[in-house]
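Bear in mind these aren't lab numbers, they're just calculated from the coordinates by the rules spelled out. What you are looking at is a predicted structure, and each value in this text was computed from that prediction instead of being measured. Cβ sites come from the backbone with ideal geometry, for glycine too, and all protein chains shown count toward neighbours.
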Amino acid sequence: MASMLKYSVLITIGAPGDISGIQALVEKNEVDGLILLRNIEDDKLLKYLVENHFPTGLAGTCNYEEVIQVDIDNRAASESLVSLLIGQGYRRFATVVGDSAYHVNRCRCQGCYDAFDKHGLPREQQMFYPNFVNMELIDSIISDMFARKIECIMCGDDVICTRIMSRLQAEGYRIPRDISIASLHNSTNLDCFSPAVTSINVSGRQVGNMVSKQLINRLKGEAYNAKTNPGYEILLRKSIGKMYSV
């Protein structure tokens, strides 16, 4: 989108909390605007950009009205998927999410809680693994899930799901006969598994185009949408055993 509108794009990465690289770009007037792909709790970079009234877009959600935001309602989407699975007969879930410093992970986890509460499933009968970043713990977590008779694993994102799915299959577990699995975020990785993984699908290309267009409109002094919800779809696939015969 940006290149089509004759804007150059510079891609930069940095560690969470380290804003020195972006500060240098802003203070040297080397960029006209910024698009952030994720945000964390008490985000220093967002605070810095807002305080300096620097044009900023976010592929996500934050509390700064000045920041252009494009995102789905991750909490509602997660609640919808888990509720759908509960409707199919699932009662015991293990929820595995990444670093809770990221806003999106907290929203997805809360959506799972909402579904359990809505359908009267006691939280103490479910398993929760927040801040899952140490992949070396996968084997012990999987053993724990089977010991607790978990029926379905809810993965917070496609990376976590890929790691868990790969490990389950490497150990000879049959999905979904032995255990079902779903992801709160889809990617092409999950399309390639056999069986393919039930997931929440959001077009990354669409999100990127939307946030780029709105930011460029702002830079040009034209009307723009401060907040946009691109929508999502739930992809029902054969990693869910109570929905498909195996």
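With the convex hull drawn around the C-alpha atoms of segment 177-246, the volume per residue stands at 78 Å³.
Of the residues Asn131, Val26, Ser183, the one whose Cα sits farthest toward the positive end of the charge dipole of the chain, with +1 on the Cβ of Lys and Arg and -1 on the Cβ of Asp and Glu, is Ser183.
Between the residues Gln206, Leu236, Cys107, the greatest Cα displacement towards the positive end of the dipole of the chain, with unit charges on the Cβ of Lys, Arg, Asp and Glu, is found for Leu236.
Here the 3J(HN,Hα) profile of segment 157-164, calculated from phi with Karplus coefficients 6.51, -1.76 and 1.60 at θ = phi - 60°, is 7, 5, 5, 4, 5, 4, 5, 5 Hz, Gly and Pro shown as x.
At 0.36 nm per residue, minus the direct Cα-Cα distance, what do Gln169 and Glu136 gain on full extension? Give it in nm, one decimal, please.
Gain on stretching Gln169 to Glu136: 10.2 nm.
When the chain is treated as a GNM with alpha-carbon contacts under 10 Å, the residue of Gly14, Gly87, Gly156 showing the greatest mean-square fluctuation is Gly14.
What's the magnitude of the charge dipole for the chain around its Cα centre, counting Lys and Arg as +1 and Asp and Glu as -1 at the beta-carbon? Answer in Debye, nearest 20.
Around 780 debye, computed over the chain.
Here the Karplus curve 6.51 cos²θ - 1.76 cosθ + 1.60, taken at θ = phi - 60°, turns the phi angles of segment 48-63 into couplings of 4, 5, 5, 4, 9, 6, 8, x, 9, x, 9, 7, x, 10, 8, 9 Hz, with x standing for Gly and Pro.
Panel order for Val26, Val159, by other beta carbons found within 10 Å of each beta carbon, from fewest to most: Val159, Val26.
Give a quick list of GluC sites (Glu not before Pro) in segment 26-102 that DSSP marks as loop, anything other than H, G, I, E or B, with at most 16 other Cβ atoms within 10 Å.
Counting only loop positions with at most 16 other Cβ atoms within 10 Å, the GluC sites (Glu not before Pro) in segment 26-102 are Glu30, Glu41, Glu65, Glu66.
Cysteines in the chain lacking any other cysteine Cβ under 4.7 Å from their own Cβ: Cys62, Cys107, Cys109, Cys112, Cys152, Cys192. Sorted largest first, the spans of the alpha carbon positions of the chain along the three principal axes are 57, 33, 30 Å.
Going by C-beta contacts inside 10 Å, put His103, His53, His119 in order with the fewest on the left. Intermediate results must be reported in sequence, preceding the final value.
Values: His103 20, His53 8, His119 12.
Ranked by crowding around the Cβ, least crowded first: His53, His119, His103.
Can you list residues whose amide H is under 5 Å from Thr56's amide H, if they're 5+ apart or on another chain and H is modeled 1.01 Å from N? Close amide H contacts, sequence-distant or interchain: Leu34, Ile68. In summary, the convex hull built on the alpha carbon positions of segment 74-201 has an orientation-averaged projected area of 7.0 nm². Once the C-beta distance of Lys220 and Ile11 is scaled by a Förster radius of 22 Å, the resulting FRET efficiency is 0.50 to the nearest 0.05.
Checking the cross-link pairs Lys44/Lys118; Lys213/Lys238; Lys47/Lys118; Lys44/Lys227 against a 26 Å limit on the alpha carbon distance flags Lys44/Lys118; Lys213/Lys238; Lys47/Lys118 as lying beyond it.
Among Ile175, Ile216, Ile11, the largest mean-square fluctuation in a Gaussian network model of the chain, built with springs joining Cα atoms closer than 10 Å, belongs to Ile11. For GluC sites (Glu not before Pro), the sites in segment 105-176 that DSSP calls loop and that have at most 16 other Cβ atoms within 10 Å are Glu171. Ranked for footprinting exposure by Cβ neighbours inside 10 Å, fewest first, Met210, Met154, Met135 give Met135, Met210, Met154.
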